[in-house]
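Below is one structure, written out as structure tokens; comments come after it.
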Amino acid sequence: MSAPAPSVDCVVVGGGPAGLAAARTAARHGVRVLLIDENAELGGQYYRQMPAAFPSAGDGVLGRESVEGGRLIDEVRSLGVELCLGAVVWGIFDQRTVAVATRDATRRITAQALILAPGAYDRPVPFPGWTLPGVLTAGGAQNLMKGYRVLPGRRVLVAGSGPLLLVVAHYLLHGGARVAAVCEASAMRQLWRYAHRMLPHLNFVQQGYRYRQEIEAAGVPFLTGHVIRRALGSAEVTGAAVAPCDDDWAPIRGPEQSFDVDTVIVGYGFVSSLELSRLAGCEHRWEAALGGWVPVRSREMESTVPGVFVVGDGAGAAGSAVALEEGHMAGLAVAGRFGRLAGREYARAVSRARGRLLHLAGFRRVMDELYRFGPGLYTLAERDTTLCRCEEVTAAEALEAVREGATHVNEVKAWTRVGMGRCQGRMCGPALAHLIARATGRPVTDAGVFTPRPPAKPVPLAALAQESH
Amino acid sequence: MRLAASDVVVIGGGAIGTAVAYYLAVEGKSVTVVERRGVGQEASGANVGLVTLFSGHSLDEPDPGPLYELTRASVEAYTTLGEEVGVDIEYEQCGGVVFAETEDKLATLKRAAEGYRRHGVPVDVLDPRGVLDCEPAFYSERILGGVFCPLNGQVNPLLLCRAFATGARRRGVRFLLGTTVQNIYHGNGRVRAVKTSEGDIPCEVVVNAAGAWAADIGDMTGLRLPVVPARGQIMLTEPVPRFIRRVVSGAEPSARQTRRGNVIIGSTIENAGFDKNVTTGTIAHFARGVLPSFPRLAGLDVIRTWAGLRPATPDHKPIIQSLDEPAGLCLAVGHSRRGICYAAGTGRLVADLVTGRPPYLPRDAFNLARFAPMSPAGGEQAPPPPGPDHIRARST
Amino acid sequence: MTQGDLRMTAAAERGRTLTMLVDGGELTAHEGESIAAALLAAGRRLTRWTARTGEPRGYFCGMGVCQDCLMTVDGLPNVRACMTPVREGLRVETQRGLGEWGVVP
């Protein structure tokens, strides 16, 4: 076997805010950085850029994050960071050797420092009708509207939790769509209790308040303590219903409120992409406040594997501001490891970054409490609701396996095919773990995770057969 | 803590353990299966799923003997098991071809084919064109000939384990999953009970079906078992419409297509201890190695890889035996690369041995004594398979 | 069923137009758009019918993860519409089940 390509100092996986910030900071201090991203353009999800072929950014309303991101992207390019775009990191071997593939070839790169910034994806919540064309995630709606200026539909129901719902509704209204309702799962009670903790973050509060005003002025009902109950239609969405929920976000049996819509947008938080941090051998722990597993990290963003850092939403979805700071922190740490930053200068830079992270953490804690994820959502699935979208396995089939003794996600997978599809268990994993937990009465952590294996994403076999350098 | 007694405790919940439990339960025995993880989560769930009556292994037994009988008993069982238990095991006798690329191998193949035909097994000797026509998705310039057996086929090994486990459960078998065996109590010349992490189970019979961990269980009664883990890595593509119809034996790596449409590519056989990692070298080796033989795979994506630990013995044949000392101790270990081929056959044989029925195979067909006694210093040990960097060409 | 163009801003602010073929019929798109964006702009949500039950699927996650926007593009199945840019003359087909894989030349 040929030896891996000559190493770079630092490989950054993921070109969203966290990865860009890490690459920028490390490169600013003279570290040789290689930044790899699956997409043809940098920006990830938060900083998704308009296509290069579009001559202008269009109206300013949807452009702010794009412009902010564009500046960071320009800086990263100007610092001479080596870029590898349209390339998928499909494996991590021997802790810091990264396997990356394009359509035609694969190569291995051994890094002395590896910064993983793989981001997160919308939490998939199975409910009756969730597979119909016209049901899409909040992230998917954002990509469409911000990235291509296309509306997902004309009559839209927005359901989920958190400030993102208001942003989505805002963009929809701006684009001329009719928003039938915005359904927030959280009961949003006693907001005054959070007032003092939100004082340092007034800009966020003001923005949220403005969005609320806007949807109210547009006559859009804002329902709290409600969850999506079902999407209706046979070839595509023709309607949807919501139901009141308890504090666990479990639907309360009873009358459902129907809406005449052609589109349903669901946004119930985000799941960190942990495939690479698991393949790298990093330890993870269950973080109930974040609703899932996250990698264990030091204050400098280093994982339990020396030289492997994890930053941004890939280490627990916390938003773009946190992602930027965490990326920056890891960049500083890597610069320190290479001796490019030392002593008091290092300590000061790290201390400032830590201060900003602590400040943001205060805001995050309020958000995580206010919109604390309710696992009751996973009771939305009915017996014949599709649990595994790829392999078309129903909740009932999974439950049958559990009753026969399959109490780990790998065991249910083996017997029912849940998790065996092209999405590699991303869409069904969390729901399956909760289904098992509910059926067995044991903690959701006992249900385990699908065994991490390469490739982290589907890779062309022809590319695996062709090693490049 | 003392748990309810069982006639039999089966150690290991893979294909062998669940098959043994199933057939013992059919005979009316009360059985407890103790498995430290879940059913079929080790080698049983990590193999290619071939069920071949005639293949490379037949070259070791050119006159069909006990190995053939073991496979034949399994083939017979798999044909009806799905319906019996209500679990579709996706078994199909799609037919299989074993080919040769050297004159030596071709000669051995022909000799074995002759022996099998005399025994009444349908086998056809094919010329190179015949081999390629047999499976149009397969290609090789170097083929000198081959043998086709219409009874060769494939199964879903994960569902096979589910079928045996479900069938066993319905017949009253108790499954202790997530439970480790800590000791086997024996005295006065016989087994008495099994100590587990959940409590002690008094029993008359203990069956060691612990796969790659059989030696650890053997140690509990002072038995040195020549079973070592032999890692096998496998690669899997996305599902596509069926285009590989037969089972092809002899290609390295081989490819076979499942009911769903995924193509399974593999496998390796390596000495990697108990490491179940998949290596980048193997992934590259598989991709490069399979494309010339199965060119249509070039357009497919790989979506998964995995590795299992096969329980290997020095001669790659299993050890299936009811011991006299201590009485009640049964071995069903060392199935090497053919656990799925031998599972039902093993279950039936152990059921015979335990119930005292005349076994359908000679009692000493797979006995431990065929290996020279093992001692701490020297003596025949199971030779470890070649090191991790050397991937052996032999396939089943 | 939605009518008309769901693009939010004027054509002048987009890439130049091009024509692609969708299920044999012509569809106008803009350079730089993904296949999914072009289809959704035209109100077309269906990307495929599943293999097991033949049920309809469409754009869901928009970031290449869910594998539901798979379509057959220029004869090659299982192409993610949300991750693939449009091109003049691109042939896109709603995929049925596992798709038609043809023979490798």
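The values are calculated or read from the model by the stated rules, or taken from the named source; none is laboratory data. Predicted model only: the values in this text are computed from it and were never measured. Quick reminder, even Gly has a Cβ in these numbers, built from the backbone with ideal geometry, and neighbours come from all protein chains shown. All accessible areas refer to the heavy atoms of the entire protein, side chains included, with ligands and DNA or RNA removed. Shrake-Rupley method; radii C 1.70, N 1.55, O 1.52, S 1.80 Å.
How many residues, within the range B:141-193, are open to solvent by less than 50 Å² (accessible area, probe 1.4 Å), among the hydroxyl-bearing types (S, T, Y) and closer than 21 Å to B:K29 by Cα?
1
Of the conditions (1) more than 7 Å from chain A (Cβ to nearest Cβ); (2) within 13 Å of the chain's Cα centre (by Cα), C:G97 clears all except one; give me its number.
In the conditions (1) more than 7 Å from chain A (Cβ to nearest Cβ); (2) within 13 Å of the chain's Cα centre (by Cα), C:G97 misses (2) alone.
Tell me whether the range B:121-138 contains one or more residues that are free of Cβ contacts under 8 Å to residues at least 12 places away in the same chain and small (G, A, S).
no
Which one of these is of a type in the set (V, I, T) and within 29 Å of C:G43 (Cα to Cα): A:V100, A:V67, A:V88? Even if it seems obvious, please write down each step before you answer.
On the way: A:V100 fails: within 29 Å of C:G43 (Cα to Cα); A:V88 fails: within 29 Å of C:G43 (Cα to Cα).
The conditions single out A:V67.
Within the range C:34-55, identify whether any single residue is β-branched (V, I, T) and surrounded by fewer than 18 Cβ atoms within 10 Å (Cβ to Cβ), and answer yes or no.
Yes; the residues of the range C:34-55 include at least one that is β-branched (V, I, T) and surrounded by fewer than 18 Cβ atoms within 10 Å (Cβ to Cβ).
Please report, ordered by residue number, the strands (runs of 3 or more DSSP E) entirely within the range A:119-219 with at least 3 residues that are more than 12 Å from chain C (Cβ to nearest Cβ) and open to solvent by less than 10 Å² (accessible area, probe 1.4 Å).
A:155-160, A:178-184
Which strands (runs of 3 or more DSSP E) sit wholly inside the range B:73-160 and have at least 2 residues that are closer than 20 Å to B:V51 by Cβ and out of contact with any Asp or Glu (no Cβ under 9 Å at 6 or more places or on another chain)?
In the range B:73-160, the matching strands (runs of 3 or more DSSP E) lie at B:96-100.
Could you grab me the full set of residues in the range A:419-448 that are in a loop (DSSP other than H, G, I, E, B), on the phi < 0 side of the Ramachandran plot and open to solvent by less than 10 Å² (accessible area, probe 1.4 Å)?
Passing the criteria: A:G421, A:C423, A:M427, A:C428.
Can you spot a residue in the range B:260-267 that is surrounded by fewer than 24 Cβ atoms within 10 Å (Cβ to Cβ) and away from chain C (no Cβ under 14 Å)?
The answer is yes, given that some residue of the range B:260-267 is surrounded by fewer than 24 Cβ atoms within 10 Å (Cβ to Cβ) and away from chain C (no Cβ under 14 Å).
Residues of the range B:22-46 being within 13 Å of another protein chain (Cβ to nearest Cβ) and assigned to a loop (DSSP other than H, G, I, E, B), which ones?
B:R36, B:R37, B:G38, B:V39, B:G40, B:Q41, B:E42, B:A46
For the range A:449-465, enumerate the residues that are part of a helix (DSSP H, G or I) and without any contact (Cβ under 8 Å) to a residue 60 or more places away in the chain.
Residues of the range A:449-465 that are part of a helix (DSSP H, G or I), as a first pass: A:461-464.
Hit for the range A:449-465 is A:L461, nothing else.
Working only within the range A:8-43, note down all residues that are within 21 Å of A:P458 (Cα to Cα), of a type in the set (D, E, K, R) and in contact (Cβ under 8 Å) with a residue 60 or more places away in the chain.
Residue satisfying the conditions is A:E38 alone.
Test B:V98 against the criterion of being of a type outside the set (G, A, S) and open to solvent by less than 10 Å² (accessible area, probe 1.4 Å), and give yes or no.
Yes; evaluated as a whole, the condition is true for this residue.
Which residue, of C:A11, C:A29, is more than 10 Å from every other protein chain (Cβ to nearest Cβ) and modelled with pLDDT under 95?
C:A11
Contact list please: Cβ distance under 9 Å, first residue in the range A:189-216 and closer than 14 Å to A:L164 by Cα, second residue open to solvent by 80 Å² or more (accessible area, probe 1.4 Å) and hydrophobic (A, V, I, L, M, F, W, C), pairs at least six apart or on different chains.
Going by the 9 Å Cβ cut-off, the qualifying pairs are A:V205/A:L199.
Of all residues in the range B:150-174, which are within 30 Å of B:S249 (Cα to Cα), in contact with a strand residue (DSSP E or B) (Cβ under 8 Å, 6 or more places away or on another chain) and within 11 Å of chain A (Cβ to nearest Cβ)?
Of everything in the range B:150-174, just one residue is within 30 Å of B:S249 (Cα to Cα), in contact with a strand residue (DSSP E or B) (Cβ under 8 Å, 6 or more places away or on another chain) and within 11 Å of chain A (Cβ to nearest Cβ), namely B:A165.
Of everything in the range A:289-314, what is part of a helix (DSSP H, G or I) and open to solvent by less than 10 Å² (accessible area, probe 1.4 Å)? Give them in sequence order.
Those that are part of a helix (DSSP H, G or I) and open to solvent by less than 10 Å² (accessible area, probe 1.4 Å): A:G312, A:G314.
I'd like the full set of residues that are within 7 Å of chain A (Cβ to nearest Cβ), basic (K, R) and part of a loop (DSSP other than H, G, I, E, B), limited to the range C:33-75.
C:R45, C:R52
A:G239: buried (at least 17 other Cβ atoms within 10 Å of the Cβ), touching an Asp or Glu at 6+ places or on another chain (Cβ under 6 Å) and within 14 Å of chain C (Cβ to nearest Cβ), yes or no?
It is true that A:G239 is buried (at least 17 other Cβ atoms within 10 Å of the Cβ), touching an Asp or Glu at 6+ places or on another chain (Cβ under 6 Å) and within 14 Å of chain C (Cβ to nearest Cβ).
For the range A:255-273, how many residues are of a type in the set (D, E, K, R) and either modelled with pLDDT under 95 or in contact with a Lys or Arg (Cβ under 6 Å, 6 or more places away or on another chain) (or both)?
Of the residues in that region, 2 qualify.
Please work out if B:T79 is in contact (Cβ under 8 Å) with a residue 40 or more places away in the chain, out of contact with any helix residue (DSSP H, G or I) (no Cβ under 8 Å at 6 or more places or on another chain) and open to solvent by 70 Å² or more (accessible area, probe 1.4 Å).
Here the answer is no, as B:T79 does not meet what is asked.
Let's see how each residue does on (1) surrounded by fewer than 23 Cβ atoms within 10 Å (Cβ to Cβ); (2) under 25 Å from B:G189 (Cα atoms):
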| residue | (1), (2) |
| --- | --- |
| B:A332 | no, yes |
| B:R337 | no, no |
| B:C341 | no, no |
| B:A351 | no, yes |
| B:L361 | yes, no |
| B:N367 | yes, yes |
